[in-house]
1. So, for chain B, what is the accessible surface per residue at a probe of 1.4 Å, expressed in square angstrom?
2. At R0 = 60 Å, how high is the FRET efficiency between residue A:185 and residue B:39 if r is their beta carbon distance? Nearest 0.05 is fine.
3. Between residue A:42 and the same site in the other copies, what are the distances in nm, shortest first, taking label points 7 Å from Cα along the C-beta direction?
4. Two decimals is fine: what is log10 I(q)/I(0) at q = 0.22, 0.26 Å⁻¹ for the stretch A:9-77, from a Debye sum with one equal scatterer on every Cα and no solvent?
5. Taking N as the number of residues in the stretch B:47-91, what value does Rg over Cα atoms divided by 2.2 N^0.38 Å take?
6. Quick one: label points 7 angstrom along Cα→Cβ at residue A:82, distances to the other copies in nm, smallest first?
7. Between residue A:204 and residue A:124, how many nm apart are label points set 7 Å from Cα along the C-beta direction?
8. Report, in listed order, any pair from B:22/B:135; A:123/A:215; A:22/B:22; B:22/B:123 with a Cα-Cα distance greater than 27 Å.
There are 2 protein chains.
Amino acid sequence: MSEIPQNEPNVVSTIADKICNKLQNAIVEGIIPAGSKISEPALASEYGISRGPLREALSRLEACYLIERKPNVGARVVTLTREHLVEIYLIRESLEGLAARLAAENMSDKDVNELDALLEEHKHQIVQDQSYYQKEGDMDFHFRIVKGSNNSYLIDMFSNDLYHLIRLYRYQFGMVSKRVPRAFVEHGQIVDAIRQHDGELAQFLMSRHISNSRKNVEKMLDEHLAISD
Amino acid sequence: MSEIPQNEPNVVSTIADKICNKLQNAIVEGIIPAGSKISEPALASEYGISRGPLREALSRLEACYLIERKPNVGARVVTLTREHLVEIYLIRESLEGLAARLAAENMSDKDVNELDALLEEHKHQIVQDQSYYQKEGDMDFHFRIVKGSNNSYLIDMFSNDLYHLIRLYRYQFGMVSKRVPRAFVEHGQIVDAIRQHDGELAQFLMSRHISNSRKNVEKMLDEHLAISD
DNA sequence: AATAAGGAAATTGTCGACAATATAGTCGTA
DNA sequence: TACGACTATATTGTCGACAATTTCCTTATT
């Protein structure tokens, strides 16, 4: 339990593990397009492996909502919809709100200082490259809070399920917004609440932070859809 | 997505599916004891199947937190701890709170009436057999609310992950409490809030309902541990 | 020309065997 | 006797082949 999502290619022993990571990235980046059928023989030969470990990997991709499988028919990459994105945001509001509350109750001063250092780092990066912050930086922050909750199931659900879904939608709907400075401020507020061990406030702020983000995305999607019509 | 947990043995085509269901029940009921090592050859021959579909099933059991696997070492049934049980309850408070809110916003009058009918059913069953209500009946109610949320990820997480964990702990820690009548009243309050489409109230009541349940279980575990010392 | 039935091709599900790794046991030495 | 290295055994990971099912194409009939 409590796997850390491997940004830098971590030491993973088994072929199924490695292929699973590769496929996760391939799906997130759209190399394997959303909605497309997955052919086991084709994929296996493409990666130079047998169907055994590939199927093991597919099984995990299904568990983290990146593909859907039907018995005797096969696997398809999930399709991205506005509705599903909203659903994910709602779950994040709930789950990460809880995470923030628990983090406020559990995190040591040392942990909080590390969080602070991360924010300081982000502050500089924002000036240079907003897009970085919007992608990896934001993720780092949220993941740090979730880890701070010390709830193994929460950590697991976030890093195994939600993490990849968030990346998938960020990557493919990839819209850069003007919310970055505002989001950064909100991050600061959340850290303050955690430092004061004010669980209720941390929960409220985190929930609202993600809710704001959701509303922003919903608005942008509306506009975007309006344009393409 | 959105699998319904199969109480009555549903039509499942593939061997891996069937074996997965059997193993889920075997683990929940303790036929395969908590913490025990799982030998693939032994299990495969016991169920008269090959290791292929068995491994597929194990992969899913890992995804729903019933076993833990280490590469090149093997799988063990998870061990049940007070800490993990509390963690699960905290997540339920959060997630099912959200579910109740969404159910209040989304459920049609017809759905609410069906919920009511379920409660009416439960009212009679309580008189006859409290233990039934505590196990399956309670589960029915909570699952109905989650379905009412209309959030596919929520439905999926509940019926694939949390469902089995809840059953596991209920079965193995299996303690009958005096909370049944109180829990029934709380269920009624939640349905009322949903009927009035009062999302905030439904969320609050559901969260508190599960929180009460958690506190009750914590207390009972303390007493139980005190006895065995 | 459109639809249905039948068969051919391809894909998924399952199996048994082999390779790689970990575990258990044995022997030797301090 | 206790500890460590080495060997043997057992278990997990991977592979290729076969069986079962679906999908696609061809053909025949109305």
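The values are calculated or read from the model by the stated rules, or taken from the named source; none is laboratory data. These figures come from a predicted structure and were not determined experimentally. Neighbour counts run over all protein chains shown; Cβ positions are idealised from the backbone, glycine included. Ligands, DNA and RNA are excluded from the accessible area calculation, which covers all protein heavy atoms including side chains. Shrake-Rupley method; radii C 1.70, N 1.55, O 1.52, S 1.80 Å.
1. Values: 11030 Å² over 229 residues.
Accessible surface, normalised per residue, equals 48 Å².
2. Numbers: r = 55 Å, r/R0 = 0.91.
According to the calculation, E is roughly 0.65.
3. So the distances to the same position in the other copies read 4.3 nm.
4. -0.95, -1.34
5. Details: Rg = 13.1 Å, N = 45, 2.2 N^0.38 = 9.3 Å.
Here the answer is 1.40, to two decimals.
6. 5.0
7. 3.5 nm
8. Numbers: B:22/B:135 19 Å; A:123/A:215 24 Å; A:22/B:22 32 Å; B:22/B:123 31 Å.
Check vs 27 Å cut-off fails for A:22/B:22; B:22/B:123.
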